[in-house]
Amino acid sequence: DQYRDDVVEAIDGLKVVERPVPSLRRGQVLVRIEAAPCNPSDLLLLQGRYGVIKTLPCVPGWEGAGTVVASGGGWLAGWLKGKRVACGVQDDRDGTWAEFIVTDATMCIPLKRRLPIEQASSMIVNPLTAMGLLDTARRAGHRAAVHTAGASQLGRMLLAMAAESNYPIIHVVRRAAQVELLRSLGAEHVLNSSDESFSDQFQSACSSVNATAAFEAIAGDTSGTVINLMPPGSTAYVYGALSEEACGNIDPIELIFRDKTVTGFYLGKWLQSRGLLGILRATGRVQRMLIDGRIATEVQRVLLLDEVIDGLKQYVSRMTQGKVLFKPHTR
(Lines give C-alpha, C1' and ligand atoms only; values in the text may rest on other atoms or scores of the structure.)
Protein backbone atom coordinates (compact mmCIF):
# COMPACT_ATOMS: atom_id res chain seq x y z
CA ASP A 1 0.00 0.00 0.00
CA GLN A 2 3.06 2.28 0.22
CA TYR A 3 6.73 2.46 -0.69
CA ARG A 4 9.23 1.98 2.14
CA ASP A 5 12.88 3.08 2.12
CA ASP A 6 14.09 0.13 4.20
CA VAL A 7 14.17 -2.95 1.97
CA VAL A 8 13.14 -5.40 4.72
CA GLU A 9 10.18 -3.18 5.67
CA ALA A 10 9.30 -2.96 1.98
CA ILE A 11 9.29 -6.77 1.73
CA ASP A 12 7.15 -7.04 4.87
CA GLY A 13 4.60 -4.80 3.16
CA LEU A 14 3.88 -7.38 0.44
CA LYS A 15 0.65 -9.39 0.51
CA VAL A 16 -0.79 -12.23 -1.55
CA VAL A 17 -4.18 -11.19 -2.94
CA GLU A 18 -6.57 -12.17 -5.72
CA ARG A 19 -7.11 -9.58 -8.46
CA PRO A 20 -9.30 -9.73 -11.57
CA VAL A 21 -7.58 -10.24 -14.90
CA PRO A 22 -7.84 -6.99 -16.90
CA SER A 23 -9.51 -7.04 -20.29
CA LEU A 24 -7.07 -7.16 -23.21
CA ARG A 25 -6.63 -4.31 -25.66
CA ARG A 26 -5.47 -4.73 -29.22
CA GLY A 27 -1.76 -5.55 -29.29
CA GLN A 28 -1.80 -7.06 -25.78
CA VAL A 29 -1.50 -10.67 -24.63
CA LEU A 30 -2.30 -12.63 -21.48
CA VAL A 31 0.65 -14.70 -20.26
CA ARG A 32 0.34 -17.60 -17.82
CA ILE A 33 3.50 -17.08 -15.78
CA GLU A 34 5.50 -20.24 -15.11
CA ALA A 35 8.53 -18.60 -13.46
CA ALA A 36 9.61 -15.08 -12.48
CA PRO A 37 12.78 -13.96 -10.66
CA CYS A 38 13.59 -11.22 -8.18
CA ASN A 39 16.30 -8.82 -9.34
CA PRO A 40 17.86 -5.87 -7.48
CA SER A 41 15.74 -3.62 -9.69
CA ASP A 42 12.61 -5.28 -8.25
CA LEU A 43 13.78 -4.36 -4.75
CA LEU A 44 14.30 -0.77 -5.88
CA LEU A 45 10.69 -0.73 -7.07
CA LEU A 46 9.49 -1.90 -3.64
CA GLN A 47 11.43 1.00 -2.11
CA GLY A 48 10.04 3.55 -4.58
CA ARG A 49 13.55 4.22 -5.89
CA TYR A 50 13.31 2.80 -9.43
CA GLY A 51 13.04 5.02 -12.48
CA VAL A 52 9.46 3.86 -13.07
CA ILE A 53 7.10 4.55 -10.16
CA LYS A 54 3.94 2.48 -10.27
CA THR A 55 0.53 3.42 -8.90
CA LEU A 56 -0.09 1.49 -5.68
CA PRO A 57 -1.26 -1.10 -4.94
CA CYS A 58 0.49 -3.00 -7.72
CA VAL A 59 2.06 -6.39 -8.41
CA PRO A 60 5.91 -6.23 -8.60
CA GLY A 61 8.09 -8.12 -11.07
CA TRP A 62 9.91 -6.77 -14.12
CA GLU A 63 10.45 -10.04 -16.01
CA GLY A 64 9.30 -13.64 -16.25
CA ALA A 65 8.42 -16.43 -18.64
CA GLY A 66 5.35 -18.47 -19.47
CA THR A 67 2.81 -19.24 -22.17
CA VAL A 68 0.60 -16.78 -24.05
CA VAL A 69 -2.96 -17.99 -23.45
CA ALA A 70 -5.00 -15.13 -24.96
CA SER A 71 -4.66 -12.31 -27.47
CA GLY A 72 -6.29 -8.91 -27.59
CA GLY A 73 -5.96 -8.81 -31.36
CA GLY A 74 -3.37 -7.68 -33.87
CA TRP A 75 -1.06 -9.83 -35.97
CA LEU A 76 1.79 -10.12 -33.44
CA ALA A 77 -0.44 -10.80 -30.43
CA GLY A 78 -2.37 -13.38 -32.44
CA TRP A 79 0.83 -15.07 -33.68
CA LEU A 80 2.14 -15.37 -30.10
CA LYS A 81 -0.94 -17.19 -28.79
CA GLY A 82 0.06 -20.64 -27.56
CA LYS A 83 3.79 -19.87 -27.64
CA ARG A 84 6.24 -19.91 -24.73
CA VAL A 85 7.71 -16.46 -24.20
CA ALA A 86 9.98 -14.45 -21.97
CA CYS A 87 8.22 -11.20 -21.15
CA GLY A 88 8.68 -7.91 -19.41
CA VAL A 89 6.50 -5.16 -17.95
CA GLN A 90 8.02 -1.67 -17.78
CA ASP A 91 5.07 0.69 -17.50
CA ASP A 92 2.49 1.46 -14.78
CA ARG A 93 0.72 -1.89 -14.61
CA ASP A 94 0.90 -5.13 -12.62
CA GLY A 95 4.11 -7.12 -12.99
CA THR A 96 5.22 -10.72 -13.27
CA TRP A 97 4.95 -11.94 -9.65
CA ALA A 98 1.53 -13.33 -10.45
CA GLU A 99 -0.24 -16.30 -11.98
CA PHE A 100 -1.21 -14.27 -15.08
CA ILE A 101 -0.06 -10.94 -16.48
CA VAL A 102 -1.18 -8.65 -19.27
CA THR A 103 1.61 -7.16 -21.35
CA ASP A 104 2.21 -5.75 -24.81
CA ALA A 105 3.00 -8.31 -27.49
CA THR A 106 6.10 -6.27 -28.32
CA MET A 107 7.41 -7.01 -24.80
CA CYS A 108 7.38 -10.77 -25.46
CA ILE A 109 10.30 -12.83 -26.78
CA PRO A 110 9.43 -16.23 -28.33
CA LEU A 111 11.52 -18.96 -26.73
CA LYS A 112 13.56 -21.67 -28.38
CA ARG A 113 12.27 -25.15 -27.61
CA ARG A 114 15.37 -26.33 -25.75
CA LEU A 115 15.52 -23.38 -23.34
CA PRO A 116 14.33 -24.33 -19.81
CA ILE A 117 11.67 -22.02 -18.45
CA GLU A 118 13.74 -21.30 -15.32
CA GLN A 119 16.55 -19.84 -17.43
CA ALA A 120 14.11 -18.12 -19.79
CA SER A 121 12.48 -16.26 -16.89
CA SER A 122 15.73 -14.37 -16.20
CA MET A 123 16.97 -13.88 -19.75
CA ILE A 124 16.09 -10.18 -20.09
CA VAL A 125 17.47 -8.11 -17.20
CA ASN A 126 20.88 -9.63 -16.46
CA PRO A 127 22.04 -11.11 -19.80
CA LEU A 128 20.90 -8.14 -21.88
CA THR A 129 22.37 -5.66 -19.38
CA ALA A 130 25.73 -7.43 -19.65
CA MET A 131 25.47 -7.36 -23.43
CA GLY A 132 24.40 -3.71 -23.42
CA LEU A 133 27.27 -2.62 -21.20
CA LEU A 134 29.82 -4.32 -23.45
CA ASP A 135 28.22 -2.85 -26.57
CA THR A 136 28.12 0.65 -25.05
CA ALA A 137 31.78 0.54 -24.00
CA ARG A 138 32.91 -0.73 -27.38
CA ARG A 139 30.96 1.89 -29.30
CA ALA A 140 32.57 4.59 -27.13
CA GLY A 141 36.03 3.31 -28.02
CA HIS A 142 36.94 1.69 -24.70
CA ARG A 143 39.24 -1.30 -25.26
CA ALA A 144 38.83 -2.86 -21.80
CA ALA A 145 36.65 -2.39 -18.72
CA VAL A 146 36.33 -2.78 -14.97
CA HIS A 147 33.29 -4.39 -13.34
CA THR A 148 32.63 -3.63 -9.67
CA ALA A 149 30.22 -6.53 -8.96
CA GLY A 150 32.35 -9.29 -10.38
CA ALA A 151 30.86 -12.18 -8.38
CA SER A 152 27.23 -11.26 -9.08
CA GLN A 153 24.99 -13.21 -11.44
CA LEU A 154 25.41 -10.48 -14.03
CA GLY A 155 29.16 -10.42 -13.40
CA ARG A 156 29.52 -14.09 -14.28
CA MET A 157 27.56 -13.56 -17.49
CA LEU A 158 29.71 -10.55 -18.32
CA LEU A 159 32.80 -12.70 -17.80
CA ALA A 160 31.58 -15.29 -20.31
CA MET A 161 30.42 -12.78 -22.93
CA ALA A 162 33.62 -10.75 -22.73
CA ALA A 163 35.79 -13.85 -22.95
CA GLU A 164 34.03 -14.99 -26.13
CA SER A 165 34.80 -11.68 -27.82
CA ASN A 166 38.30 -11.38 -26.32
CA TYR A 167 37.40 -8.19 -24.45
CA PRO A 168 39.46 -7.74 -21.25
CA ILE A 169 37.53 -7.23 -18.02
CA ILE A 170 38.96 -6.48 -14.57
CA HIS A 171 36.57 -8.13 -12.10
CA VAL A 172 36.38 -6.49 -8.66
CA VAL A 173 35.06 -8.55 -5.73
CA ARG A 174 35.00 -8.18 -1.94
CA ARG A 175 36.14 -11.57 -0.59
CA ALA A 176 38.92 -14.08 -1.24
CA ALA A 177 36.37 -16.84 -1.90
CA GLN A 178 34.92 -14.75 -4.73
CA VAL A 179 38.37 -14.36 -6.25
CA GLU A 180 38.70 -18.14 -6.36
CA LEU A 181 35.18 -18.51 -7.79
CA LEU A 182 35.86 -16.21 -10.73
CA ARG A 183 39.28 -17.71 -11.39
CA SER A 184 37.63 -21.15 -11.55
CA LEU A 185 35.34 -19.71 -14.24
CA GLY A 186 38.32 -18.56 -16.30
CA ALA A 187 38.70 -14.94 -15.21
CA GLU A 188 42.22 -13.59 -15.72
CA HIS A 189 42.02 -10.26 -13.89
CA VAL A 190 40.32 -10.49 -10.47
CA LEU A 191 40.92 -8.02 -7.63
CA ASN A 192 39.78 -8.12 -4.03
CA SER A 193 38.74 -4.64 -2.90
CA SER A 194 39.41 -5.68 0.72
CA ASP A 195 43.15 -6.10 0.11
CA GLU A 196 45.37 -3.39 1.59
CA SER A 197 47.16 -2.97 -1.73
CA PHE A 198 43.93 -2.81 -3.77
CA SER A 199 44.53 0.72 -5.09
CA ASP A 200 47.98 -0.15 -6.46
CA GLN A 201 46.72 -3.44 -7.91
CA PHE A 202 43.78 -1.68 -9.51
CA GLN A 203 45.86 1.00 -11.21
CA SER A 204 48.39 -1.56 -12.41
CA ALA A 205 45.66 -3.77 -13.88
CA CYS A 206 43.97 -0.83 -15.65
CA SER A 207 47.30 0.19 -17.14
CA SER A 208 48.12 -3.34 -18.31
CA VAL A 209 44.92 -3.78 -20.35
CA ASN A 210 44.15 -0.08 -20.99
CA ALA A 211 40.83 -0.24 -19.13
CA THR A 212 39.02 3.09 -19.47
CA ALA A 213 35.39 1.95 -18.87
CA ALA A 214 33.91 0.98 -15.52
CA PHE A 215 30.65 -0.92 -15.18
CA GLU A 216 29.58 0.30 -11.75
CA ALA A 217 26.86 -1.56 -9.82
CA ILE A 218 27.64 -0.59 -6.22
CA ALA A 219 27.37 3.25 -6.05
CA GLY A 220 28.22 4.95 -2.74
CA ASP A 221 31.94 5.63 -2.31
CA THR A 222 32.78 2.84 -4.75
CA SER A 223 31.85 5.09 -7.69
CA GLY A 224 34.40 7.69 -6.69
CA THR A 225 37.10 5.20 -5.70
CA VAL A 226 36.93 3.55 -9.10
CA ILE A 227 36.79 6.63 -11.33
CA ASN A 228 39.48 8.41 -9.29
CA LEU A 229 41.91 5.52 -9.77
CA MET A 230 41.25 4.97 -13.48
CA PRO A 231 43.35 6.42 -16.33
CA PRO A 232 42.56 9.81 -17.93
CA GLY A 233 39.64 9.70 -20.34
CA SER A 234 37.80 7.01 -18.38
CA THR A 235 34.03 6.73 -18.04
CA ALA A 236 32.09 5.05 -15.24
CA TYR A 237 28.75 3.62 -16.40
CA VAL A 238 26.58 3.39 -13.27
CA TYR A 239 23.91 0.72 -13.76
CA GLY A 240 23.05 -0.24 -10.17
CA ALA A 241 22.98 0.88 -6.56
CA LEU A 242 23.66 -2.22 -4.47
CA SER A 243 24.99 -0.07 -1.60
CA GLU A 244 21.67 1.84 -1.55
CA GLU A 245 23.74 5.04 -1.35
CA ALA A 246 24.28 7.99 -3.66
CA CYS A 247 27.41 8.01 -5.81
CA GLY A 248 30.10 9.76 -3.78
CA ASN A 249 33.81 10.24 -3.16
CA ILE A 250 34.28 11.63 -6.68
CA ASP A 251 37.27 13.93 -7.01
CA PRO A 252 36.26 16.92 -9.17
CA ILE A 253 39.90 17.39 -10.21
CA GLU A 254 39.70 14.04 -12.01
CA LEU A 255 36.61 15.20 -13.90
CA ILE A 256 37.94 18.64 -14.75
CA PHE A 257 41.55 18.01 -15.66
CA ARG A 258 41.68 14.31 -16.59
CA ASP A 259 38.61 14.15 -18.82
CA LYS A 260 36.78 11.55 -16.74
CA THR A 261 33.01 11.16 -16.71
CA VAL A 262 30.35 9.43 -14.66
CA THR A 263 27.14 8.56 -16.47
CA GLY A 264 24.25 6.12 -16.19
CA PHE A 265 23.32 2.99 -18.11
CA TYR A 266 19.66 1.98 -18.36
CA LEU A 267 18.77 -1.25 -20.15
CA GLY A 268 15.44 0.08 -21.43
CA LYS A 269 17.12 2.98 -23.21
CA TRP A 270 19.78 0.72 -24.72
CA LEU A 271 17.13 -1.66 -26.06
CA GLN A 272 15.25 1.24 -27.65
CA SER A 273 18.46 2.32 -29.39
CA ARG A 274 18.94 -1.15 -30.89
CA GLY A 275 15.53 -1.32 -32.59
CA LEU A 276 13.45 -4.47 -33.14
CA LEU A 277 16.03 -6.24 -35.34
CA GLY A 278 18.83 -5.50 -32.89
CA ILE A 279 16.76 -6.79 -29.97
CA LEU A 280 15.96 -10.02 -31.82
CA ARG A 281 19.65 -10.56 -32.56
CA ALA A 282 20.61 -9.88 -28.93
CA THR A 283 17.93 -12.16 -27.47
CA GLY A 284 18.79 -14.86 -30.00
CA ARG A 285 22.40 -14.80 -28.86
CA VAL A 286 21.37 -14.88 -25.20
CA GLN A 287 19.12 -17.91 -25.78
CA ARG A 288 21.89 -19.80 -27.60
CA MET A 289 24.35 -19.09 -24.79
CA LEU A 290 21.83 -20.26 -22.16
CA ILE A 291 21.01 -23.44 -24.08
CA ASP A 292 24.70 -24.24 -24.56
CA GLY A 293 25.44 -23.58 -20.87
CA ARG A 294 27.90 -20.78 -21.61
CA ILE A 295 25.91 -18.53 -19.28
CA ALA A 296 23.34 -19.44 -16.64
CA THR A 297 21.28 -17.96 -13.84
CA GLU A 298 21.90 -19.69 -10.52
CA VAL A 299 18.74 -20.26 -8.47
CA GLN A 300 19.08 -20.61 -4.70
CA ARG A 301 15.40 -21.14 -3.96
CA VAL A 302 12.09 -21.70 -5.76
CA LEU A 303 9.11 -19.97 -4.10
CA LEU A 304 5.37 -20.25 -4.06
CA LEU A 305 3.63 -16.90 -3.89
CA ASP A 306 2.80 -17.36 -0.21
CA GLU A 307 6.53 -17.84 0.53
CA VAL A 308 7.43 -14.46 -0.93
CA ILE A 309 8.36 -12.59 2.26
CA ASP A 310 10.66 -15.25 3.70
CA GLY A 311 12.21 -15.96 0.31
CA LEU A 312 12.94 -12.32 -0.50
CA LYS A 313 14.57 -11.75 2.88
CA GLN A 314 16.80 -14.75 2.17
CA TYR A 315 17.69 -13.29 -1.23
CA VAL A 316 18.57 -9.88 0.24
CA SER A 317 20.91 -11.46 2.80
CA ARG A 318 22.85 -13.59 0.28
CA MET A 319 22.41 -12.41 -3.29
CA THR A 320 25.67 -13.98 -4.52
CA GLN A 321 24.19 -17.46 -3.97
CA GLY A 322 21.65 -16.94 -6.75
CA LYS A 323 18.16 -15.73 -7.57
CA VAL A 324 14.94 -16.63 -5.86
CA LEU A 325 12.40 -17.75 -8.44
CA PHE A 326 8.63 -17.53 -8.15
CA LYS A 327 6.66 -20.44 -9.62
CA PRO A 328 3.06 -19.38 -8.98
CA HIS A 329 1.43 -22.52 -10.38
CA THR A 330 3.62 -25.01 -8.47
CA ARG A 331 1.90 -26.83 -5.63
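The values are calculated or read from the model by the stated rules, or taken from the named source; none is laboratory data. It should be emphasised that the depicted structure is a prediction, and the values quoted were computed from it without experimental measurement. Every residue, glycine as well, gets a Cβ built from its backbone with ideal geometry; the counts of neighbours run over all protein chains shown. Note: areas computed on protein heavy atoms with side chains; ligands, DNA, RNA excluded. Shrake-Rupley method; radii C 1.70, N 1.55, O 1.52, S 1.80 Å.
Key figures for this structure:
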item	result
Three-way shape label, the stretch 218-331, alpha-carbon gyration tensor, a/c 1.5	oblate
Antiparallel content of DSSP bridges confined to the chain, in %, to 5	50 percent
Three-way shape call for the stretch 232-276 based on the alpha-carbon gyration tensor, with the a/c threshold at 1.5	oblate
Residue-normalised accessible area of the stretch 1-95, given per residue in Å² at a 1.4 Å probe	49 Å²
Sites I291 and R258, calculated FRET efficiency, Cβ-Cβ separation with R0 56 Å, nearest 0.05	0.80
Heavy-atom accessible surface of the chain: percent carbon and sulfur, 1.4 Å	51 percent
Inter-label distance, nm, simple model (7 Å from Cα along the C-beta direction), R281/A246	4.0 nm
Per residue accessible area in Å² of the stretch 190-250, where ligands, DNA and RNA are left out and the probe is 1.4 Å	40 Å²
Surface accessible to a 1.4 Å probe, V16 within the full protein complex, Å²	90 Å²
FRET efficiency, E164 to R113 (Cβ-Cβ, R0 25 Å, nearest 0.05)	0.60
Length added when fully stretched, Q90-D5, from 0.36 nm per residue minus Cα-Cα	28.5 nm
Cα centroid separation - the stretch 302-320 against the stretch 57-95, whole Å	24 Å
Most to least packed among 44-50, 305-311 [average Cβ atoms within 10 Å]	44-50, 305-311
Accessible-area order (highest first, 1.4 angstrom probe) of the listed residues E164, E254, E216	E164, E254, E216
Solvent-accessible area per residue, Å², over the stretch 100-180 with all protein chains present [probe radius 1.4 Å]	38 Å²
